[in-house]
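Only the coordinates and a few stated rules stand behind these numbers; no lab work does. In this text, all values refer to a predicted model and were calculated from it rather than measured experimentally. Glycine gets a Cβ as well: all are built from the backbone with ideal geometry, and neighbour counts include every protein chain shown.
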Amino acid sequence: MLNKLITASAGLLLTANVALAAGNQTERKDFQILKDVATSVERYTQFTIFDDVSASVKDGVVTLTGKVTMPYKRDDIGKRVAKIDGVRSVRNEIADLPVSQFDDELRYRIARAIYGNSNFWNYAIMPNPPIHIIVEHGRVTLTGVVGSDVDRMLARSLASQFGAFSVKMDLKTDAEVREALEKQSE
C-alpha cells in the first residue's frame, strides 16, 4: 500500500497536515481526500512536467500551492479538487508562471537533457514523469521524486548546463518520501 501511494504520487508531491491517529475518522478522511486530490491532479490531462502542484488538507479544507504554466490550469485544478467527495472548501494558492520565450526554451532544453539521458529513461516512460522543471524568470527549480541521491545530483548537473540564473533542488528521493509518509501515519 505504501509503495502504491509513493508511486501514485511521484509526479505530485503532496504534504498532509494530518496526523493519522488510530480511530480518528476526521483525520483518516483528510488523508483519503489528500490521496484523491493527488489522483485528480495526476489525471488532469493538461498537467505537465513544467507544472508543480502541492496540497494539504485539514478538516476537509484543501490548500493548493505550486506553479503552473497557464492561468486556466490553476482554475481547472481548483474546480476538479472542489468536486472531490469530502472537500469542504478549496484555497487555491497556485501561482501562474510568467509567459517568457526564454523560460520556455530553457524548460524544453532541460527536459530533453534530463529525460533524454539514459539514466532517466525509466522515468521518461512513466505516464506522469516524476521530475518537474519549473522555470521562472530564468531560475530553475527541480521538483518531484527520484530513486536515489545519484539521480538527484545528475538531474541538477544536467539542468545547470543551459545558462539558467540559478538551479534550485527540491527533488526528494523515494526513501525521503517514504519516511515522510511514515511520520504522518504515526
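Bridges between two residues of the stretch 101-174, per DSSP, are antiparallel at a rate of about 45%. For the listed residue pairs LYS79/LYS183; LYS83/LYS183; LYS73/LYS183; LYS58/LYS79, the alpha carbons are over 27 angstrom apart in LYS79/LYS183; LYS83/LYS183; LYS73/LYS183. Database remark: amide H of GLY66 closer than 5 angstrom to the amide H of SER54, ALA95 (H placed geometrically; neighbours at sequence offset of 5 or more, or on other chains; Pro and chain starts carry no H). If you take all other residues with their beta carbon under 15 Å from the beta carbon of TRP121, and give Lys and Arg +1 and Asp and Glu -1, the sum is 0. In order along the stretch 139-156, the Karplus-derived 3J(HN,Hα) couplings, from 6.51 cos²θ - 1.76 cosθ + 1.60 at θ = phi - 60°, round to 9, 9, 10, 9, 10, x, 10, 10, x, 7, 5, 4, 4, 4, 5, 5, 4, 4 Hz, and Gly and Pro are given as x.
Near LYS172, the amide H atoms lying under 5 Å from its own belong to GLY144, VAL145, VAL146; only residues 5 or more places off or on other chains count, and H is placed 1.01 Å from N. Between LYS168 and LYS29, the contour length at 0.36 nm per residue exceeds the alpha carbon distance by 46.7 nm.
What shape does the stretch 123-186 take by its C-alpha gyration tensor, where a ≥ b ≥ c are the square roots of the eigenvalues and a/c under 1.5 counts as rounded, a/b above b/c as prolate, and the rest as oblate?
Values: a/c = 2.16, a/b = 1.84, b/c = 1.17.
Prolate, since a/c reaches 1.5 and a/b exceeds b/c.
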